[in-house]
Each structure stands twice: as C-alpha cells, then as structure tokens.
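The values are calculated or read from the model by the stated rules, or taken from the named source; none is laboratory data. Source: prediction; values computed, not measured. Here the Cβ is made from the backbone with ideal geometry for all residues, glycine too, and neighbour counts use every protein chain on show.
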Amino acid sequence: MRYHNSIIELVGDTPLVKLSKVAEGISATVLAKVEYFNPGGSVKDRIALRMIEAAEASGALKPGGTIVEPTSGNTGVGLAIVAQQKGYKCIFVCPDKVSTDKINTLRAYGAEVVVCPTAVAPEHPDSYYNVSDRLVRETPNAWKPDQYSNPENPASHYHSTGPELWEQTEGKITHFVAGVGTGGTISGTGRYLKDASGGRVQVIGADPEGSVYSGGTGRPYLVEGVGEDFWPTAYDRSVADEIVAVSDKDSFQMTRRLAKEEGLLVGGSCGMAVVAALEVARRLGPDDVVVVLLPDGGRGYLSKIFNDDWMADYGFLPTAADEATIGEVL
Ligand code: PMP
C-alpha cells in the first residue's frame with residue numbers, strides 16, 4: 001500500500017512548472033517553484049516543521065506545550081498543522097483587521113485565535129504586541145517560534161528548498177528569484193544555491209515598492225506577506241545580488257495573468273516575484289535557467305486581487321495603455 005503516515009510527511013518536494021505565456025519572447029527558461037502544493041497551501045509549512053522539530057530537540061518545546069505566535073497567515077496554518085499532528089496546542093494573536101476567513105481557517109485546524117484591537121497604541125495592554133508577550137509569559141510550557149529571528153526559518157530553506165532546486169534543475173539553475181518577507185526563503189535557499197554552485201547562481205530579491213529591502217521607509221503597500229519596515233535577523237543581507245522593487249499594480253496584474261494564462265491561481269506576492277523574475281530573464285540568454293518561487297495559492301485573495309471592483313477602486317485594472325505595454329515588452 002502506498003500511503004503517508006501523516007500529512008506532514010508531504011511538506012516540501014514541490015514541483016517546478018515552466019512559465020510559458022507570461023514569458024513569451026524571453027529566451028531564458030523561466031521555472032516556477034509552486035509552493036501551494038504544500039499541505040497547508042504555502043511555503044511556510046517548511047519553516048513550521050523545522051522550527052518545531054528544532055524546538056523539540058533543544059527542549060524549548062516540551063510535550064503538551066503551547067505554541068504562541070503573532071501571525072494570521074500562512075505561518076499560522078503551517079504551525080497549526082504540525083502542532084496538531086505532534087500534540088501541541090496553538091494560540092495565535094491577530095490584529096482585528098485580519099479577515100474572518102483567515103481566522104476561521106486557523107480555528108478549523110484546531111488553533112485558538114486571540115483577536116486584538118488595531119486602534120490602540122502599541123503600549124496599550126490590549127495591543128497585538130503586549131497580548132502575545134503576555135500569553136507567552138502566562139501560558140505554562142509556552143514557546144514562541146518568532147519566525148523573524150528564528151535561525152531555523154532560513155535553515156529550513158537551506159536544507160529543503162535549496163537542495164530541491166539544485167536537484168530538480170540538475171545544477172543548471174543560474175538565477176533564483178524570491179519575494180522577501182522575513183527573508184528566510186531568500187537567505188536560506190540563496191545561500192544553499194551559492195554554496196552548491198561555487199557562487200555562480202545569482203540571487204534576486206523581489207520587494208514591494210516602499211519596503212526597506214529596496215531602499216524604502218516601510219511606506220504602506222498592498223501586497224501581503226512581503227516587504228518590511230524593519231530589518232529582521234532572519235534576513236541575511238549578504239546573499240542577494242540584487243533587489244528589484246515592484247509596484248502593487250504590476251504585482252496584482254501579473255497575479256491575475258498567472259491564473260488566466262498559466263492556470264496558476266496564486267497569491268499577490270507570487271505575481272510580484274514573477275514581475276521581478278521576468279525583468280531579470282529579459283536580460284538573459286537561452287542557456288539561462290531562472291527559478292522563481294511562488295509562496296502560496298490564490299484562494300485567500302479572491303475578494304481582493306481577483307475581484308474587479310476591488311482592483312478598480314485602487315486603479316489597478318489594466319488600461320488599454322497597460323495592455324499595449326505588456327504586448328510591447330513581451
Ligand atoms: N509571500 C507570502 C504570501 C508570505 O506569506 C511570505 C512569508 N512572510 C513571503 C512571501 C515571504 O517569505 P519569507 O518570509 O521567507 O521572506
């Protein structure tokens with residue numbers, strides 16, 4: 001019989017899919033690493049598994065312990081799945097601006113979700129930061145993974161995403177492109193590919209316009225999961241050779257094209273990374289192999305990126321002029 005003992009055995013080993021229509025006119029091969037094939041639907045399953053296993057090994061997470069993390073998104077889902085399979089409790093702290101769909105998803109996996117008001121100062125006892133700190137202090141056997149500073153976040157990519165790409169491309173990968181949030185993906189995967197190739201593989205970060213990684217101050221942008229207003233320690237500044245800044249509009253238009261033209265219903269940070277990857281690939285030749293990592297699926301964004309009214313409200317729907325430019329460039 002062919003079966004897995006637990007869903008967590010299916011974390012990682014995600015497929016590479018060639019981008020065709022959106023890469024028309026480009027001579028380099030552009031491959032997408034499609035992370036929505038992970039059981040929790042995102043790249044974050046990888047870090048959840050490794051952070052939890054490392055905490056078990058170090059004794060920071062004890063049998064019957066509780067995982068407390070301020071997260072509302074993909075990391076929460078990954079942690080919730082691994083925690084339930086290994087017998088831990090999860091408490092997630094979310095600001096009240098988070099959609100009820102996201103909160104219900106975490107609860108569906110058995111996690112407890114504490115919702116905090118956004119409209120209070122950070123020093124207020126009910127603030128997002130204070131509540132999560134207090135829960136860690138007051139919950140017996142609590143452990144906080146802290147994906148922004150946990151070295152197991154980049155390490156999970158050094159030990160899984162990086163080797164997978166090297167093997168899947170038979171060492172032919174020349175460029176790796178990924179969005180930067182905590183920085184774990186680009187730092188761990190990029191470092192592995194540099195080590196494996198003797199420094200040959202070029203590593204390119206994609207960042208929302210306004211975020212610190214591309215020289216911004218943290219100005220708001222709408223793409224979720226990427227960009228920061230501070231420098232997390234999970235991000236290794238020495239890995240990326242280049243950072244490409246991408247606008248919300250370009251990110252979301254490309255996200256919609258990926259669904260319509262490549263059959264890839266993915267999130268907004270995927271569109272952002274693909275815009276950066278195509279910008280790089282346009283400069284390259286037929287022997288180059290560009291891999292772009294797509295962190296999650298698009299189901300969580302149906303009422304935003306895939307909703308014409310929402311897109312129109314922000315002026316993100318393609319105009320005739322946009323369509324003409326897309327045709328010209330590609
Ligand atoms: N895209 C999405 C949707 C994410 O949730 C994240 C994680 N914050 C990223 C991209 C960026 O990955 P990383 O944190 O490894 O830089």
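One table, with the values for the structure above:
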| read-out | value |
| --- | --- |
| Test result for Ala142, in contact (Cβ under 8 Å) with a residue 40 or more places away in the chain and under 30 Å from Arg256 (Cα atoms) | no |
| Count - residues of region 204-234 that are charged (D, E, K, R) and under 15 Å from the mean Cα position of the chain (by Cα) | 3 |
| Filtered residue count, region 179-210, keeping only those that are more than 9 Å from the ligand (Cβ to nearest atom) and closer than 12 Å to Glu228 by Cβ | 3 |
| Pairs with Cβ under 9 Å, 6+ apart, first in region 216-233 and farther than 11 Å from Thr182 by Cβ and of a type in the set (Ser, Thr, Tyr), second within 14 Å of the ligand (Cβ to nearest atom) and part of a loop (DSSP other than H, G, I, E, B) | Thr217/Ser211; Thr217/Asp229; Tyr221/Ser211; Tyr221/Gly227 |
| Subset tally (residues that are touching a residue at least 40 places away in the same chain (Cβ under 8 Å) and in a helix (DSSP H, G or I)) for region 168-215 | 9 |
| Strands (runs of 3 or more DSSP E) (entirely within region 1-112) containing at least 3 residues that are surrounded by fewer than 15 Cβ atoms within 10 Å (Cβ to Cβ) and more than 14 Å from the ligand (Cβ to nearest atom) | none |
| Among (1) touching a Pro at 6+ places or on another chain (Cβ under 7 Å); (2) under 22 Å from Leu10 (Cβ atoms) - the single one Lys44 does not satisfy | (1) |
| Selection within region 262-296 - within 20 Å of the chain's Cα centre (by Cα), assigned to a loop (DSSP other than H, G, I, E, B) and more than 16 Å from the ligand (Cβ to nearest atom) | Gly263 |
| Filtered residues of region 209-241 (kept if touching a helix residue (DSSP H, G or I) at 6+ places or on another chain (Cβ under 8 Å), surrounded by fewer than 19 Cβ atoms within 10 Å (Cβ to Cβ) and at pLDDT 95 or above) | Asp236 |
| Any hit, region 159-178, residues being among the aromatic types (Phe, Trp, Tyr) and more than 16 Å from the ligand (Cβ to nearest atom) | yes |
| Unique residue being among the aliphatic types (A, V, I, L, M), part of a helix (DSSP H, G or I) and in contact with a Phe, Trp or Tyr (Cβ under 8 Å, 6 or more places away or on another chain) when the list is Ala259, Ala321 | Ala259 |
| Region 140-153, residues that are buried (at least 16 other Cβ atoms within 10 Å of the Cβ) and either over 25 Å from the mean Cα position of the chain (by Cα) or of a type in the set (Val, Ile, Thr) (or both) | Ala142 |
| Subset of region 37-74 [out of contact with any helix residue (DSSP H, G or I) (no Cβ under 6 Å at 6 or more places or on another chain), at pLDDT 95 or above, among the small types (Gly, Ala, Ser) and closer than 19 Å to Arg299 by Cβ] | Gly41 |
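Here is a yes/no grid of residues against (1) among the small types (Gly, Ala, Ser); (2) in contact with a Leu (Cβ under 9 Å, 6 or more places away or on another chain); (3) assigned to a strand (DSSP E or B); (4) under 19 Å from Gly12 (Cβ atoms):
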residue: Thr118; (1), (2), (3), (4): no, no, no, no
residue: Ser132; (1), (2), (3), (4): yes, no, no, no
residue: Pro140; (1), (2), (3), (4): no, no, no, no
residue: Tyr148; (1), (2), (3), (4): no, no, no, no
residue: His159; (1), (2), (3), (4): no, no, no, yes
residue: Gly162; (1), (2), (3), (4): yes, yes, no, yes
